[in-house]
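Asks: What follows is a single structure, and I will ask about it in a moment.
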Amino acid sequence: MSHLNHGSLGAVPISVQRTQQRLRDETEANPLKFHVQGLHDRIIHTRRHLAAFLGADPDGSALLTNTTAGISLVLQSVRLGPGDEVLLTDHGYGAVALATRRQCRRAGATARTVALPLSTPDTEVVARIRNALRPGKTKLLIVDQLTSATARGFPVRAIAAAAREHEIPVLVDAAHAPGMLAVDVAAIGADFWVGNLHKWAFAPRGTALLSVAPGWRRHIDPLVVSWRQDDGFPSSVEFQGTVDHTAWLSAPAGLYMLRTLGIDAVRQHNAALVAYGQRAVGGALGLAPADLPDPGVPAASMRIVPLPAGLATTVPEAHALRQHIADKLAVETAVNAWGGRGWLRLSAQVYNRPEEYDRLAERLPPLLKALLR
Ligand SMILES: Cc1ncc(COP(=O)(O)O)c(C=O)c1O
């Protein structure tokens with residue numbers, strides 16, 4: 001099986017798995033001692049390590065299980081009311097849109113989507129979002145640092161600045177950014193920023209960091225109330241009763257791995273390889289380089305290829321095609337329906353080789369042709 005879909009669930013290096021297993025062994029040797037003596041300090045130490053790596057304020061950041069949890073936490077904390085709205089882009093992650101719609105429904109607010117055609121240049125992206133903001137009404141703007149379905153990097157710093165002009169809070173969904181992109185959370189200047197360490201930073205699954213601007217910290221309302229509720233952010237968010245914290249505590253081992261390999265070398269390798277893969281597969285499908293979307297950020301380790309018209313135009317069809325490709329060609333990819341058509345998303349990571357994309361390029365066109373017959 002070729003794994004050309006690092007972006008969906010990452011991959012945990014063996015050294016990091018061993019670190020986590022050692023921590024689990026320590027837990028099982030004496031669960032009470034592990035949880036009561038020093039765990040809180042270890043969590044704070046880990047948070048400081050991860051926040052420093054991402055340029056975030058360690059005292060204004062909280063460890064979380066995933067970006068999904070961070071999005072719901074922020075949506076709950078901004079206290080939407082009747083008539084308010086949350087602005088999303090049409091590149092946003094499906095579960096983020098679902099969470100937004102639920103919170104809006106509960107509050108009598110609405111979720112509105114701004115359309116950003118794939119080829120929209122960055123300056124135009126900022127302008128379209130700026131024009132879509134309704135001061136006094138828009139209570140939150142959610143924008144991705146690197147999108148899932150379209151693998152597009154957005155100029156989040158400029159977008160946050162535009163929203164700030166109207167005092168509209170911004171939540172950056174940076175699920176794919178840690179490890180893949182050179183992130184400086186403080187420089188982005190968003191009110192909220194949340195990213196996963198378990199995709200591109202080699203952490204065990206269940207590791208994310210939420211960074212919150214100073215003015216919002218006292219408004220953060222944990223999704224689960226536990227013993228540290230009265231301590232306020234971030235402890236109120238990080239302490240959720242009896243849960244397994246070994247993924248968080250192992251995350252620094254993932255960063256160690258990344259640094260050992262050389263962060264710049266990893267980024268250059270992945271970006272060049274996925275560009276190669278996009279050209280190889282796109283070319284095999286008869287697409288010219290100009291037909292292949294550019295992520296807009298040099299270090300992007302995911303790229304998309306448009307599928308022939310009529311394929312994977314809905315979410316269920318996209319899921320079925322991804323499974324079909326995995327079953328028939330032994331290649332894991334991501335397939336998404338976006339903008340009325342299907343898209344194949346390829347990822348590259350240090351364990352991938354050009355031959356894997358070549359093999360996909362050779363075998364995918366006949367497979368798709370058979371489906372279109
Ligand atoms: C842009 C984006 N946002 C949010 C998520 C959700 O991440 P998680 O499942 O780790 O919560 C993903 C997952 O792929 C994503 O791509």
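No value in this document is a laboratory result; all are computed from the given coordinates. These numbers were taken from a predicted model, which means no experiment stands behind them. Neighbour counts are summed over all protein chains in view; Cβ atoms, including those assigned to glycine, are modelled from backbone coordinates with ideal geometry.
Asks: Hey, rough spin-label estimate for HIS45 and ALA161, points 7 angstrom out along Cα→Cβ, what's it come to in nanometres?
Replies: 4.0 nm
Asks: Classify the range 212-285 from the C-alpha gyration tensor, please: rounded if a/c falls under 1.5, else prolate or oblate depending on whether a/b exceeds b/c. Before the final figure, lay out the partial values.
Replies: Numbers: a/c = 2.99, a/b = 2.32, b/c = 1.29.
It comes out prolate by the Cα gyration axes.
Asks: R0 = 35 Å: FRET efficiency of LEU367 with ARG101, Cβ-based, nearest 0.05?
Replies: On the way: r = 35 Å, r/R0 = 1.01.
The formula returns an efficiency of 0.50 here.
Asks: Moving to a separate point now. In angstroms, what radius of gyration and Dmax does the chain have, counting Cα atoms only?
Replies: Cα radius of gyration and Dmax of the chain are 20.9, 64 Å respectively.
Asks: When only DSSP loop residues count, what trypsin sites (Lys or Arg not before Pro) in the range 83-149 have their Cβ near at most 16 other Cβ atoms within 10 Å?
Replies: Working: sites: ARG101, ARG102, ARG105, ARG106, ARG112, ARG128, ARG130, LYS137, LYS139; in loops: LYS137.
Within the range 83-149, the qualifying trypsin sites (Lys or Arg not before Pro) (loop, at most 16 other Cβ atoms within 10 Å) are LYS137.
Asks: Multiply the residue separation of ASP358 and ARG128 by 0.36 nm, subtract the distance between their alpha-carbon atoms, and state the gained length in nm to one decimal. All intermediate terms of the calculation are to be shown ahead of the outcome.
Replies: Values: separation 230, 0.36 × 230 = 82.80 nm, distance 3.81 nm.
Separation in residues times 0.36 nm, less the Cα-Cα distance, equals 79.0 nm.
Asks: Among DSSP beta bridges lying fully in the range 136-281, give the percent that are antiparallel, nearest 5.
Replies: Working: 6 of 14 bridges.
In the range 136-281, DSSP labels about 45 percent of beta bridges as antiparallel.
Asks: Averaging sequence separations of C-alpha pairs under 8 Å and six or more residues apart, then dividing by the length of the range 327-373, give the relative contact order as a whole percent.
Replies: On the way: 20 pairs, mean separation 14.1, N = 47.
Reported relative contact order: 30 percent.
Asks: Taking the Cα of TRP216, stepping 7 Å toward and past its beta carbon, and measuring to each backbone N in the range 78-92: which are under 12 Å?
Replies: Under 12 Å, as judged by backbone N against the label point of TRP216, lie 78-79 of the range 78-92.
Asks: While we're on this one: Taking only the C-alpha atoms, wrap a convex hull around the range 157-291 and report its volume per residue in Å³ as a whole number. Kindly include the intermediate steps, with their values, before the conclusion.
Replies: Values: hull volume 21.2 nm³, N = 135.
Cα convex hull per residue, to the nearest whole number: 157 Å³.
Asks: When the dipole is taken about the Cα centre of the chain, and only Lys, Arg (+1) and Asp, Glu (-1) are charged at their Cβ, what size is it in debye, to the nearest 20?
Replies: Numbers: 39 positive and 32 negative charges, 112 e Å.
The calculated dipole for the chain is roughly 540 debye.
Asks: In nm, to one decimal, how far is the modelled label at THR113 from the one at ALA186, with both set 7 Å along Cα→Cβ?
Replies: Computed distance between label sites THR113 and ALA186 equals 3.7 nm.
Asks: Is the C-alpha gyration tensor of the range 93-222 telling us rounded, prolate or oblate? Criteria: a/c under 1.5 is rounded; beyond that, a/b larger than b/c is prolate, otherwise oblate.
Replies: Numbers: a/c = 1.39, a/b = 1.16, b/c = 1.20.
Rounded shape, in that the Cα axes give a/c under 1.5.
Asks: Also, I was wondering about something else. What is the antiparallel percent of DSSP beta bridges lying wholly in the chain, to the nearest 5?
Replies: On the way: 20 of 38 bridges.
Counting only bridges with both partners in the chain, antiparallel ones make up about 55 percent.
Asks: At a Cα cut-off below 29 Å, give the lysines reachable from LYS33, other chains included and same-chain residues fewer than 8 away excluded.
Replies: Filter leaves no residues.
Asks: Determine ³J(HN,Hα), in whole Hz, for all residues of the range 49-54 in sequence, where each value follows from phi through the Karplus function 6.51 cos²θ - 1.76 cosθ + 1.60 and θ = phi - 60°; x replaces Gly and Pro.
Replies: 4, 5, 5, 4, 4, 9
Asks: Further question on the same structure: Along each of the three principal axes of the Cα atoms of the range 249-373, give the extent in whole Å, ordering the values from largest to smallest.
Replies: 49, 32, 27
Asks: Here is a further query. Roughly speaking, what is the stretch gain from GLU317 to LEU287, that is 0.36 nm per residue apart minus the C-alpha to C-alpha distance, in nm to one decimal? Intermediate values should be presented prior to the final figure.
Replies: Details: separation 30, 0.36 × 30 = 10.80 nm, distance 2.20 nm.
Length gained, GLU317 through LEU287: 8.6 nm.
Asks: Once you place label points 7 Å from the Cα toward the Cβ at ASP244 and ARG24, how far apart are they in nm?
Replies: 0.5 nm
Asks: Can you tell me the dipole magnitude for the range 1-52 around its Cα centre, using point charges on the Cβ only (Lys, Arg +1; Asp, Glu -1), in Debye to the nearest 20?
Replies: On the way: 7 positive and 4 negative charges, 26 e Å.
In total the dipole reaches around 120 debye.
Asks: To continue, here is another question. Would you please classify the overall shape of the range 1-88 from the alpha carbon gyration tensor, given that a ≥ b ≥ c denote the square roots of the eigenvalues, rounded means a/c under 1.5, and beyond that prolate means a/b larger than b/c while oblate covers the rest? The partial results should precede the final answer.
Replies: Values: a/c = 2.23, a/b = 1.40, b/c = 1.60.
Note, shape of the range 1-88 comes out oblate.
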